[in-house]
1. Calculate the spin-label point distance for residue A:7 paired with residue B:39, positioning each point 7 Å from the Cα along the beta-carbon direction, and give it in nanometres.
2. Go through A:216/B:260; A:6/B:10; A:6/A:35; A:6/B:6; A:144/A:193; A:53/B:6 and tell me which ones have a Cα-Cα distance over 25 Å in this structure.
3. Excluding residue B:213 itself, what net charge comes from residues whose Cβ is under 14 Å from its Cβ, given Lys and Arg +1 and Asp and Glu -1?
4. With every protein chain left in place, what is the accessible area per residue of region A:38-119 in square angstrom, probe 1.4 Å?
5. Please give the average number of partner chain Cβ atoms lying within 10 Å of the Cβ of each residue in A:45-58, rounded to a whole number.
6. Quick one: with all protein chains in place, what share of the accessible area of the protein assembly as shown is carbon or sulfur, to the nearest percent (1.4 Å probe)?
7. Treating the point 7 Å from Cα along Cα-beta-carbon as the label, what are the nm separations from residue B:33 to the other copies, to one decimal?
8. In chain A, what percentage of the DSSP-assigned beta bridges are antiparallel, given to the nearest 5?
Protein chains: 2
Amino acid sequence: MAVTIKEVAKKAGVSPSTVSRVIANHPRISEETSKRVREIMDELGYHPNIMAKSLVSRTTRTIGVVLPRPAEELLLNFFFYELIRGVLAQLTRSGYDLLMAGGTNEQEELETVTRLVRSGRVDGLLLLYSRASDPVIHLLRQEKMPFVLLGRSLDYEDVPSVDNDNVQAAYDATKHLIAQGQRRIGFVSGPTKLAMTQDRMAGYTKALSEAGLPFKEGWVVEGEFLLESGYRAMASIMSQPEPPTALVIIDDVVAFGVLKGLTELGYRIPQDVAIVSFNNIALTELTMPPITSVDVGTYQLGYTASQMVLRMIQQVEITARQIIPHRLVVRESSLRTLSLT
Amino acid sequence: MAVTIKEVAKKAGVSPSTVSRVIANHPRISEETSKRVREIMDELGYHPNIMAKSLVSRTTRTIGVVLPRPAEELLLNFFFYELIRGVLAQLTRSGYDLLMAGGTNEQEELETVTRLVRSGRVDGLLLLYSRASDPVIHLLRQEKMPFVLLGRSLDYEDVPSVDNDNVQAAYDATKHLIAQGQRRIGFVSGPTKLAMTQDRMAGYTKALSEAGLPFKEGWVVEGEFLLESGYRAMASIMSQPEPPTALVIIDDVVAFGVLKGLTELGYRIPQDVAIVSFNNIALTELTMPPITSVDVGTYQLGYTASQMVLRMIQQVEITARQIIPHRLVVRESSLRTLSLT
DNA sequence: TGGCACAATGTAAACGGATACTTTTGTGCA
DNA sequence: TGCACAAAAGTATCCGTTTACATTGTGCCA
């Protein structure tokens, strides 16, 4: 059906190996032959059969992307597309393809990854999560399959990963509130088993203590990456005897819930309560007021993660942990200057 | 490196072909042999090499998903993840893999798809857009490669596609507003070259005329799927001498912009202006007020589209155009009963 | 002018698995 | 006991490429 190297060879009056060498830019092929063969390849619309190529080269030029299990996916939901764009841009540039996989539970996921690795389906993997102590990670290390985590792992410091400096990001966000004159600052947190949550928490407390501001237990509430979570966390924090006048919020979606809850309770943002959050998804500028958020460079995360796996495949030395710069995007929700108090 | 069929055969004391037949569940293999071979496969952690298998079977068990070009991607942004989950669920169930591809411009995209098709990389394709008169579609038809569009194509009625009944969806949404007592209803539209836009427009006008309500030029504004677009469209509509008291909005993201604009201008939602929109992305319930939106069954769209390609590959007869049911999710933004007028 | 180096190309054997065709083994029956 | 015939398994070839090794051809030098 499809055009093969043999048909090209026949039409060009050369042997299949010559055609193969033309494709590979082998030095010992004469200009003349090369040109003629290329013409015929174009004429016949020849494209090398990747399966055959892979079989002999033992490489697939394919990177697998493993989605998190549905239970952990919520964070990803809103920047998945941009992330994939970044991944795809890098892979396309390097002539690699992207295979997407995932399972609905731990076992299914492990089976899928095992199959991809053992059947020689991919040359490397990108794990879109940073779950601690994971059987998938064990497997990949054992099989010596190059892989990169999105977000650092709590358990393995030496596993290659791309991440933001979340400590610094939260530090910056909190500092920004302090610079606006805020003294009572709370923190709406995420699941504490995630490195991201721990890091942002650390940045928050660091900024507080440096500024000599109080850290109060009741001002910090752990939530999840769910729509209602922010709402509940906010209610808990604001019901304290002396509630904070500013909140650092672990994620934009949670911030949406907080914002809504605060508004419903009659708080004015930012006059009564100022907020900053993280990830800078598109809709943060469409809320009322627009939300100040830390842009984490989603596209760049995807782009760099792919670059890392590719480097690992090419046996190039890499830094085990690559940091993507963040940027605080200041919007109305955190600006004290608007306040008349 | 990896375990091959030969190693399994050797260890089991049979020939490679026997092992191959065990894998394929060939009828003429004795229970006993089959069991022994399977045990050894497990023991060695054998997984068939997909490349070798593909080479001889001339099939890849892989479906390609082609992303829209960045310029047209905005709509997709917020439900991409759910869509992919649907696709992946169906493919995994059927033992297929998902290859993701896309280009930054028309030529790049065509080259990518050509390569996937000609090099035998995929057995079928899913196009996540429904651009009219597309060179990619021409190519796929010519190469007899099974493919399914997401959303119907304006130019080719007979191209397989999954879609909502957008006429009916917009009709339902508009009717809902009418049932709430609305008489002056405007429409914030999208790019008219899209079938989706045309269909929703048609449903809107149909509902109006059935109810004997006026259709006014100035009440209908074409926008784009951009954040600011809704804002501008709203401004234009509301500056009419006699502005509408309700708006049907082509998409949730646009509706966010409209909502923000209306609120800033001092309109109360839904008392002064009621709104309904489409797609029901997660954040519609977190706006103030929450937005009534038509759920289009994103997961189901992905799931069904994949099912269609798989059927085409198996030469099963399919309906060229598959309709996914929609569902109006009523929230505060459209409820007139709240009004005191 | 024979011999040699080297460039250009050809030949053939893999890569791992599927399968048409062939051989071996086993069973029932005359 | 021998034979037919079916079940079970083995042999060999092919899928489309790459590549080690072999062959051919040319020019140059002793």
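1. It is 4.8 nm.
2. Exceeds cut-off: A:216/B:260; A:6/B:10; A:6/B:6; A:144/A:193.
3. Around residue B:213, the charge tally is +3.
4. Details: 3340 Å² over 82 residues.
Per-residue accessible area for region A:38-119 comes out at 41 Å².
5. The mean count of partner-chain Cβ atoms within 10 Å per residue comes to 6.
6. For the protein assembly as shown, the apolar C and S fraction of the accessible surface comes to 51 percent.
7. 4.6
8. Numbers: 3 of 34 bridges.
Taking every DSSP beta bridge with both residues in chain A, the antiparallel ones total about 10 percent.
The values are calculated or read from the model by the stated rules, or taken from the named source; none is laboratory data. Predicted model only: the values in this text are computed from it and were never measured. Note that we place each Cβ from the backbone using ideal geometry, even for glycine, and neighbour counts take in every protein chain shown. Areas reflect the complete protein model, heavy atoms only, side chains present, ligands, DNA and RNA absent. Shrake-Rupley method; radii C 1.70, N 1.55, O 1.52, S 1.80 Å.
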